[in-house]
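Heads up, the thing below is written out as structure tokens.
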Amino acid sequence: MDSEDFADRVTGLAALADPIRRELYLFVAAEPDPVSRDRAAEGVAVPRHTAKFHLDKLVEQGLLATEFQRLSGRQGPGAGRPTKLYRRSGRELSVTLPARRYDLAGELLARAIDDSTRTGTPVLETLDTAAVECGRALGDHARQTLDPRPGPAQQVSAVCAVLTAHGYEPRRDAAMISLANCPFDALARDHTELVCGMNLALLGAVADQVGGGTLTARLNPADDRCCVVLDTH
């Protein structure tokens with residue numbers, strides 16, 4: 001997670017720190033249909049002008065969305081102005097410290113199971129394939145920042161940048177990049193061989209795609225960091 005994404009998520013969640021705003025969000029989210037300001041104000045027992053202020057702040061943060069409807073059901077001249085209604089938006093927000101990417105692990109595992117079911121290939125093989133494809137995609141993204149003929153230092157920096165964005169917290173020294181955080185920590189503790197193998201395939205593909213022989217991923221588990229390290233050459 002980069003700093004801009006982190007700030008965006010924290011700001012969105014901070015919008016719910018105000019108790020009235022939080023109650024309005026929960027009320028709107030629980031309603032099956034979009035609600036008006038009057039209905040929301042009545043639902044949480046606040047004045048209409050208070051509800052309007054907080055509802056519009058929630059819209060600004062992307063937590064609520066709006067639409068306009070004529071509640072009378074009439075159309076044409078004399079039907080009156082449409083009413084502004086609020087509903088929960090499709091935006092998803094979560095912040096975990098340190099960063100976790102269980103969504104990515106779930107996506108890779110689901111893809112592996114689908115491929116295994118369809119082809120009859122053992123699921124560990126399809127998981128390895130899914131992780132490699134994901135790592136190559138991340139590597140391609142990192143390569144876009146490189147010069148046409150990058151040197152090893154620039155390649156290492158590009159890999160560190162993409163790993164930082166995905167929560168690995170890379171730490172560089174002369175011969176190795178260690179990863180201070182595992183984005184799949186709880187899964188890795190409970191399903192070590194499965195998740196560490198997936199992680200190795202993913203990070204190995206990132207290194208191969210960007211490093212061009214500059215970096216090699218290998219398993220080197222330790223209590224205070226990710227199970228994979230990247231050797232620099």
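The values are calculated or read from the model by the stated rules, or taken from the named source; none is laboratory data. What you are looking at is a predicted structure, and each value in this text was computed from that prediction instead of being measured. No Cβ is skipped: glycine too gets one built from the backbone with ideal geometry, and neighbour counts run over all protein chains shown.
Points worth noting:
- Residue list for the range 101-127, filter: within 16 Å of Gly204 (Cβ to Cβ) and surrounded by 20 or more Cβ atoms within 10 Å (Cβ to Cβ): Leu108, Leu127
- Candidate set: the range 104-150, residues that are assigned to a loop (DSSP other than H, G, I, E, B) and not hydroxyl-bearing (Ser, Thr, Tyr); chosen: the one farthest from Gly213 (Cα to Cα): Gly120
- Scanning the range 95-130 for residues that are of a type in the set (A, V, I, L, M, F, W, C) and under 14 Å from His166 (Cα atoms) gives Val95, Leu97, Ala99, Leu104, Ala105.
- Qualifying residues in the range 207-227 (those that are touching a Ser or Thr at 6+ places or on another chain (Cβ under 9 Å) and part of a strand (DSSP E or B)) - the one surrounded by the fewest Cβ atoms within 10 Å (Cβ to Cβ): Ala222
- Figure legend. Inter-residue proximity from the range 41-52: first residues within 12 Å of Glu23 (Cβ to Cβ), second residues modelled with pLDDT under 95 and of a type in the set (Phe, Trp, Tyr), beta-carbon distance below 7 Å, spacing 6+ or different chains. Indicated pairs: Gly43/Phe27; Val44/Phe27.
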